[in-house]
1. Any chance you could count the Lys pairs in the stretch 273-417 whose alpha carbons are under 24 Å apart, treating pairs 8 or more apart or on different chains as valid?
2. Of 367, 386, 466, whose Cα points farthest to the positive end of the dipole of the stretch 356-499 (charges on the beta-carbon: +1 Lys, Arg; -1 Asp, Glu; origin at the Cα centre)?
3. If you place +1 on the Cβ of every Lys and Arg, -1 on the Cβ of every Asp and Glu, and leave all else neutral, what size is the dipole of the stretch 436-491 about its Cα centre, to the nearest 20 Debye?
4. Kindly flag which residue pairs out of 37/263; 439/472; 225/260 have an alpha-carbon separation exceeding 23 Å in this structure.
5. Give, as a single signed number, the net charge of other residues whose beta carbon lies under 15 Å from the beta carbon of residue 367, with Lys and Arg counted +1 and Asp and Glu -1.
6. Would you tally the net charge around residue 462, using a Cβ to Cβ cut-off of less than 14 Å, leaving residue 462 out, and scoring K and R as +1, D and E as -1?
7. Return the loop-located chymotrypsin sites (Phe, Trp or Tyr not before Pro) in the stretch 355-412 (DSSP other than H, G, I, E, B) with at most 12 other Cβ atoms within 10 Å of their own Cβ; answer none if there are none.
8. Does the stretch 375-499 come out rounded, prolate or oblate, given a ≥ b ≥ c as the square roots of the eigenvalues of its C-alpha gyration tensor, rounded meaning a/c under 1.5 and, failing that, prolate meaning a/b above b/c?
Amino acid sequence: MSQDELIDFYKNEMVQLKDQLNYKLQVITDQQDELNKCLNLINSLKENNEGLSDMFSQYKSFAQQQMTELEQRLAQMSVEKADKDFQLDQLLYEIKQMKKKEQQEEKYVQQLKNQESPPDNVSSTDLEDQQSKVKMSAEIYNMSPEDFQQVKKSNKQYLSLFDQIKENKKKRKQEIEFLMDNLPTSVYKILYDDEIKKIKDTANKQFEMKIWQDEVMSLFVNKVKNRKRIKEKLDLYVKNSFPEQFRGKIWSFLIGNNQKINKHIYDKFLKVVPQNPIVTQQLLTQINNDLTRTFSIINEFEGSGRLQDEMREVLIIFSMYRPDFGYVQGMTYLVFMFLIRMNKQKAFKCFTNLVIGSDLLRNLYLFKGKIIDKYFNAFDTYIQQYLPKVAKHLDDLKIPKQSFLVEWYYTVFTRAFNLIISSKVWDHFLCEGDGFIFKLSLSILCSIQNDIIQSEYEDCLMLIRSCSFQLKDQDIFKTSRYKITTQSLQDLFLSQLES
């Protein structure tokens, strides 16, 4: 073998050896990465375990503190009750003494009555006997007959006065007896029961928040991993609505972020607002008019001026981000529901994903007439199935369903209800999807169906549009009887196409 060949041979060997070393180095690097991941996982588990231990310790301390406060309050109320019982015993003793004194006075009065002079129609013999008795009584009391007669006269005045006092005491006695009869259900006892109820309600509310924090919100630490469990918990608890302090975070989770929107995208569009041709004076005027016209409620919030500015900004950026949508009247209500619970970047993310992700809202805001007609036809099918009398009466009056459904659907009932009930509606809507909108519409009509059937055209339409502000929670959310889901809506659309 020549020298050149030998050199080439060793070169090849060196290259192969280098490749082998690189491969082993890569394997070692991968193993090291795996070990680091395992180590991180162990540390994470350790931290979670410590956090869980701290959480249970805090919960135990919280429960003990609540029990201690409740016991102290109960002890205080018991002392107050004992004081009232003592006052009651004193009152009973005074009544007993009054009765005893009254008996003594009546006995004395009876004695005085026995000494009264005889009537005028007595005989002369009896009168002489009576005068003789007066004279003897006067001698017994060591006084003259005239003085004894004066004493008797004074006794008569005393008897008259005593009768008046006795009558007043009788009335007073009735007042005292009335007070005694009502003492077991007195104001004190009512206040006592109300105070206990307030303590229990406060403890129950704090305990409920603790359950939400431990059972649901703790899972948000790893939303991706726990997504299925979180959704199951929210579906379970939505019947009682979500706590307001967690609502923004929960809504953001339920809506998701399929559009991949972040703060960078928002800021990027915000910078070019002045130069963007989409932002015309007509667009700004339309948004400003809607803000002024539709949201007098904004003035009830602290910093209402800032809130209006942020609503305007979010709607303008959405018009730039999705010019195919642009701005549509009704969007202000949806943006408002987000901005009162989160910052403007998150509100834009939630609003955009909701409008694009919901088939119902997307088609409404894009004005896709044929598809919108399918939704109204679907509602016709459901109202004939579940509320046939209402459907027939509306058809007889020739009232189109769109006359009230458009306002409900475009604003997701935000304009139809007050803020508290609207928020509960959104809890269900974001959990259940578009199908809940149809269920809620049927539930509203069912609650007033008797009034609808008895109304004429104008009264009927006015009743439907204004009834939502008069309905109670328990009437509005009776939706379980309506078997409507987002999937059943799609199936109904397909059946309409086939027919």
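1. Count of close lysine pairs: 11.
2. 367
3. On the way: 6 positive and 7 negative charges, 72 e Å.
Using only the charged Cβ atoms, the result is roughly 340 debye.
4. On the way: 37/263 29 Å; 439/472 16 Å; 225/260 19 Å.
37/263, as the Cα separations exceed 23 Å there.
5. Numbers: positive: 322, 362, 368, 370, 374; negative: 324, 359, 373.
Residues close to residue 367 contribute a combined charge of +2.
6. Numbers: positive: 465; negative: 407, 451, 456, 458, 459.
Value of the local net charge: -4.
7. Working: sites: 365, 367, 375, 376, 379, 382, 386, 404, 408, 409, 410; in loops: 367.
Here the sparse-neighbourhood loop sites are 367.
8. Working: a/c = 1.72, a/b = 1.05, b/c = 1.63.
Judged from the Cα gyration tensor, the stretch 375-499 comes out oblate (a/c at least 1.5, b/c at or above a/b).
The values are calculated or read from the model by the stated rules, or taken from the named source; none is laboratory data. All figures in this text were calculated on a predicted structure; none of them were measured in a lab. No Cβ is skipped: glycine too gets one built from the backbone with ideal geometry, and neighbour counts run over all protein chains shown. What goes into the accessible areas is simple: the full protein's heavy atoms, side chains included, and nothing from ligands, DNA or RNA. Shrake-Rupley method; radii C 1.70, N 1.55, O 1.52, S 1.80 Å.
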